[in-house]
Amino acid sequence: MDGTLLVNCALSALGGFLSYRMIKEFIPIFLQRGMHGNDQCKVSNDKVPEPLGVVTAAVYLIVMFLFIPFPFFQWTTSEIDKFPHEKFLAFLSGLISICTAILLGFGDDVLDLRWRHKLMFPTLSSLPVLMVYYVTNRSTSVIVPKYFHFLLGQQIDIGPLYYIYMGMMVVFCTNAINILAGINGLEAGQSVVIAISVAIFNIVQLIRLESQDWYHYLSLYFLLPFIATTVVLFYFNWYPARVFVGDTFCYWSGMTLAVVCILGHFSKTMALFLVPQVFNFLYSIPQLFHLVPCPRHRLPKFDPNTNTVGMSMSVFKSRELKPLGQFCLAVFQTFGLLHRREFERDGEMWTEVNNLTLINLCLKLFGSMHERSLTILLLSIQAFCSCVAFFIRFYMASLVYDVVH
Ligand code: UD1
Ligand code: MG
């Protein structure tokens with residue numbers, strides 16, 4: 001194994017240990033300072049310290065900063081004129097984007113930011129990595145599936161569209177984890193499953209291909225400390241949650257995934273690992289864009305009598321529904337993806353629909369269940385999607401493309 005990777009593993013282990021100690025130390029401090037949220041799916045409506053993601057993010061940054069010299073050490077002692085400035089830039093730009101995501105997340109936790117900030121800020125934070133991509137790589141070509149070669153040739157250069165695509169990937173990733181959230185263990189759990197899947201992908205590629213070494217090592221350097229610190233956070237966030245991860249964690253986690261796939265040149269493969277998040281986003285669109293009324297919280301509804309969680313609903317006057325919203329709901333209903341009830345109250349027609357999240361959809365399909373079972377179900381779906389992603393990436397892709405790395 002590469003020596004630098006060994007150092008990264010050792011520092012990650014240290015990061016895991018530090019996270020454990022620091023979370024324990026900071027729980028009472030957060031409570032004392034009034035930094036907590038209410039666990040909405042518990043009888044007691046307990047106060048849970050939040051956002052503890054900021055502690056693990058801080059540990060992550062410490063680990064990453066300590067690690068900076070190691071991948072570049074050999075060039076500092078000799079051959080300084082051959083120092084790989086491009087690689088160094090890539091590494092530092094990734095860290096800048098991650099730092100800004102942590103700052104945005106903490107801002108959101110403290111100030112409850114508006115949606116426009118959540119879209120604008122990540123767009124700006126994507127600039128460091130996109131700039132480095134521009135000056136070091138510049139490749140904006142996409143490989144065309146072999147069935148379309150006769151029409152488009154083997155590759156097409158999509159120019160600026162490529163940068164727009166990568167910028168959108170960053171904005172999507174930073175928000176994707178945060179909108180698939182609200183039950184104990186889900187935010188940290190899904191991040192662990194995705195990060196481990198990507199790390200396995202990187203290791204497989206390192207074994208298969210020597211030509212792309214740097215990209216996959218770079219991805220592992222970012223991911224292993226992330227996995228080590230997040231597994232510890234997951235342990236504390238698991239049902240019944242002793243800590244909440246907060247938006248700080250969600251944005252940090254999303255940005256880390258975005259950074260590794262952009263700098264590692266595997267954003268399409270990353271999209272395969274994010275299928276549940278993509279589905280949740282598409283399904284959420286009518287509420288995110290206010291075509292259908294969207295409450296402040298869309299997390300499942302707790303039933304204290306049975307100690308289970310069930311679908312949470314939005315109820316609104318039928319005439320308030322915009323035509324486009326009406327259309328989206330009709331499409332979801334056709335595919336059996338919607339609970340909808342119309343009823344009359346005080347001479348007006350009202351509509352009740354489930355809040356449009358993957359969590360509520362699972363509850364519609366499988367019925368109410370214990371919160372822990374729901375987290376296990378959603379994490380199993382995530383893991384299953386990772387298996388399918390590997391199958392598509394390593395088997396199906398060669399059926400569609402001539403050259404698959
Ligand atoms: C996002 C979701 C929102 C969801 C919320 C839950 C969108 C557009 N927004 O909002 O629908 O309700 O995340 O995280 O999809 N909480 C629990 N149990 C948990 C985790 C969180 O009860 O396991 C509650 C706590 O009261 C906690 C709060 O959710 O304080 C955190 O919500 P916050 O992260 O501020 O919500 P948003 O990210 O704005
Ligand atoms: Mg949140």
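About the Cα centre, and with charges only on the beta carbon of Lys, Arg (+1) and Asp, Glu (-1), how big is the dipole of the chain? Nearest 20 debye, please.
Roughly 480 debye, rounded to the nearest 20.
Under the rule of at least 5 residues apart or a separate chain, name every residue whose amide H is placed under 5 Å from the amide H of Thr308.
Asp303
Amide H of Val144 versus every other amide H placed in the peptide plane: which residues, excluding those fewer than 5 positions away on the same chain, fall under 5 Å?
Gln155, Ile156
Identify, among Leu224, Ile203, Leu257, the residue whose Cα sits farthest towards the positive end of the charge dipole of the chain, taking +1 on the Cβ of Lys and Arg and -1 on the Cβ of Asp and Glu, with the dipole about the Cα centre.
Of Leu224, Ile203, Leu257, it is Leu257.
Ranked by Cβ crowding within 10 angstrom, fewest neighbours first, how are Phe366, Phe222 ordered?
Ranked by crowding around the Cβ, least crowded first: Phe366, Phe222.
Set the Förster distance to 30 Å, then compute FRET efficiency between Leu399 and Ser141 from the Cβ-Cβ distance, nearest 0.05.
Efficiency, rounded to the nearest 0.05: 0.90.
Rounded to the nearest 0.05, what FRET efficiency is calculated for Phe17 and Glu210 with R0 set to 56 Å and r the Cβ-Cβ distance?
Efficiency, from the Cβ-Cβ distance: 0.95.
Separation of region 223-285 and region 328-383 by C-alpha centroid, Å?
Centre-to-centre (Cα) distance: 24 Å.
Could you give the dipole magnitude of region 17-64 about its Cα centre, charging the beta-carbon of Lys and Arg +1 and that of Asp and Glu -1, in debye to the nearest 20?
80 debye
Just rank Tyr251, Tyr395, Tyr162, Tyr235, fewest to most, by other beta-carbon atoms within 10 angstrom.
Ranked by crowding around the Cβ, least crowded first: Tyr395, Tyr235, Tyr162, Tyr251.
Can you give the percent of C-alpha pairs in the chain whose distance is more than 34 Å?
For the chain, the share of Cα pairs beyond 34 Å comes to 33 percent.
Using θ = phi - 60° and the Karplus form 6.51 cos²θ - 1.76 cosθ + 1.60, what ³J(HN,Hα) does each residue of region 181-195 get, whole Hz, x for Gly and Pro?
8, x, 10, 3, x, 6, 4, 5, x, 5, 5, 5, 4, 5, 5
Compute the long axis of helix 246-263 from its Cα atoms, compare it with the longest principal axis of the Cα atoms of the chain, and write down the angle in degrees, 0 to 90, nearest 10.
Computed tilt is about 40 degrees.
Fully extended, how many nm does the chain gain between Thr306 and Ser318 (0.36 nm per residue separation, minus their Cα-Cα distance)?
1.2 nm is the gain from fully extending Thr306 to Ser318.
Enumerate the calculated ³J(HN,Hα) couplings along region 356-364 in order (Karplus 6.51 cos²θ - 1.76 cosθ + 1.60, θ = phi - 60°), each rounded to whole Hz, writing x wherever the residue is Gly or Pro.
With coefficients 6.51, -1.76 and 1.60, one gets 7, 10, 4, 4, 5, 5, 4, 5, 5 Hz.
Using alpha carbon centroids, what distance separates region 109-152 and region 4-71, in Å?
Comparing the Cα centres of region 109-152 and region 4-71, I get a distance of 29 Å.
Given Cβ point charges of +1 (Lys, Arg) and -1 (Asp, Glu) and nothing else, what value in debye, to the nearest 20, does the dipole of region 274-405 about its Cα centre take?
140 debye
Which whole-Hz couplings ³J(HN,Hα) result when phi for each residue of region 58-69 is put into the Karplus expression 6.51 cos²θ - 1.76 cosθ + 1.60, θ = phi - 60°, listed in order with x for Gly and Pro?
In residue order, the calculated couplings are 5, 4, 4, 5, 4, 4, 5, 5, 5, 7, 2, x Hz.
As an exercise, identify the GluC sites (Glu not before Pro) in region 10-96 lying in DSSP coil whose Cβ has no more than 14 other Cβ atoms within 10 Å.
Answer by residue number: Glu79.
So what's the angle, to the nearest 10 degrees on a 0 to 90 scale, between helix 160-179 and the longest Cα principal axis of the chain?
50 degrees
Every number here is computed from the coordinates shown, using simple stated rules; none is lab data. This structure is a prediction, so every number in the text was calculated from the model and none was measured. Every residue, glycine as well, gets a Cβ built from its backbone with ideal geometry; the counts of neighbours run over all protein chains shown.
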